[in-house]
1. Could you pull the accessible area for Lys138 with a 1.4 Å probe, rounded to 10 Å²?
2. Provide the solvent-accessible area of Met195, counting protein heavy atoms only and rolling a 1.4 Å probe, rounded to the nearest 10 Å².
3. Between Ile50 and Glu194, what's the calculated FRET efficiency when r is the beta-carbon distance and R0 is 25 Å? Round to 0.05.
4. I need the phi-derived Karplus couplings for the range 135-148: 6.51 cos²θ - 1.76 cosθ + 1.60, θ = phi - 60°, integer Hz, Gly and Pro marked x.
5. Using the Kirkwood formula over every pair of different C-alpha atoms, what hydrodynamic radius in Å results for the range 130-232?
6. In what order, largest first, do Thr351, Thr39 sit by accessible area if the probe radius is 1.4 Å?
7. Given H placed 1.01 Å from N in the peptide plane, which residues other than close sequence neighbours of Phe215 have an amide H under 5 Å from its amide H?
8. If amide hydrogens are placed 1.01 Å from N in the peptide plane, which non-local residues have theirs closer than 5 Å to the one on Ser98?
Amino acid sequence: MITLFISLNWVLVFGQQSIMQITGMVIDAHSKQPLAGATIYLDHTTKATISSDTGNFVLKNIPSGNYKLIISYIGYNSAFVDLSEKDTPNLIVELTPSVKLLDEVAITANPNWQEYFLLFKMFFLGKEGQYCTIKNSKTLSFDHNDTSYVLTAQAAKPLIIENQALGYRVYYELNSFVHYAGRTSYSGYTRFEEMTAANSKEQKKWKSNREKAYFGSSIHFMRSLVNKTSKEEGFVMKKLVKTNLRKSEENEFKSTDTIVTMQWNGKDYLAKDTTVLSGAGSLIGGRKKGYDRLYPEELSYDSVVTTNLNGNYKLSFNNSLFVTYKKKKNVTAILTMLSPETLVDIHGNLTNPQAVLHEGYWATLRIADQLPFDYVPDKD
């Protein structure tokens with residue numbers, strides 16, 4: 001086990017936003033000796049450091065906000081600490097020894113390994129995965145149930161992914177991966193590292209691709225919400241109610257107060273189409289069981305995000321949000337709260353990312369599309 005002592009120092013910058021400095025020491029819980037070379041990073045960012053020979057580490061100049069601090073050391077399970085502006089913890093975090101690393105020879109002996117790896121790349125990396133290379137793919141092992149058709153994946157070490165489209169080297173500690181019936185779920189910790197461009201042309205390409213990935217993304221939307229600039233930045237929010245049909249409605253979808261013009265999954269829906277969205281309900285006996293009802297009025301910021309007494313932003317709304325980004329074609333998404341509320345910081349980071357369900361465009365994005373949370377586009 002590892003005991004980790006952490007202290008946080010806060011400094012006010014320009015009387016508004018504060019920055020924090022995270023310091024700590026990594027030691028072995030049994031021997032009490034310092035552990036040098038442990039990796040300490042803020043999840044989904046480029047902010048990282050290594051513990052010194054004395055086990056000490058410092059993360060400096062971190063903008064205040066919501067973060068997950070990850071502590072990783074070879075031979076131990078990683079640990080995490082949730083941090084936010086209001087936290088001033090004196091924490092002790094214990095890491096337990098990890099199970100024996102899988103034998104790569106045994107992994108590759110699986111006759112179906114290459115087939116499962118190609119499926120994993122497609123579902124994990126996404127459509128832009130063609131520009132990515134998993135440098136240590138042999139650390140992966142797979143299990144496929146031939147009866148239920150469930151594909152699961154495990155990684156003995158953090159995956160090292162080089163994204164040649166965005167110019168990042170991504171270290172991904174895979175906690176879980178499951179693909180079943182057309183649905184993919186995975187979880188883990190992510191550390192981004194800037195790659196070195198071969199020349200100025202490649203650097204310009206990365207800059208352009210990063211901007212394309214950012215604008216219209218969920219993090220762009222969240223930042224625009226807390227800054228109250230979502231409309232100016234091209235986002236439109238409308239109320240969406242997921243509805244089950246009553247028996248009398250099974251052949252009648254009309255609803256005069258919810259007729260709108262919109263686009264969903266690349267298909268245009270005019271007013272005469274009412275609010276029936278493609279794929280919204282299941283088909284039973286050739287008839288739709290349910291549909292989504294979209295209201296034409298645009299929602300205000302205050303109906304989605306509010307500021308609490310501590311100055312934090314709170315994301316909370318009823319039903320679902322139908323979000324359209326007007327500056328790109330076919331960028332439509334649905335957000336549904338799975339918890340009553342969650343805090344969001346000024347950088348657009350959610351305290352509890354699992355509190356919000358993404359559907360539509362944002363749900364199609366995978367590891368190959370992701371930018372670090374500390375990415376900020378240049379202001380031209």
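The values are calculated or read from the model by the stated rules, or taken from the named source; none is laboratory data. All values derive from a computational prediction rather than experimental measurement. Because the Cβ atoms are built from the backbone with ideal geometry, glycine has one as well, and the counts that use them run over all protein chains shown. Surface areas here come from the heavy atoms of the whole protein model, side chains and all, with no ligands, DNA or RNA. Shrake-Rupley method; radii C 1.70, N 1.55, O 1.52, S 1.80 Å.
1. 80
2. About 20 Å², ignoring ligands and nucleic acids.
3. Efficiency at R0 = 25 Å is approximately 0.95.
4. 6, 10, 4, 6, 6, 7, 10, 10, 9, 10, 8, 6, 8, 8
5. Computed over Cα pairs of the range 130-232, the Kirkwood hydrodynamic radius comes out at 16.3 Å.
6. Thr351, Thr39
7. none
8. Tyr76, Asn77
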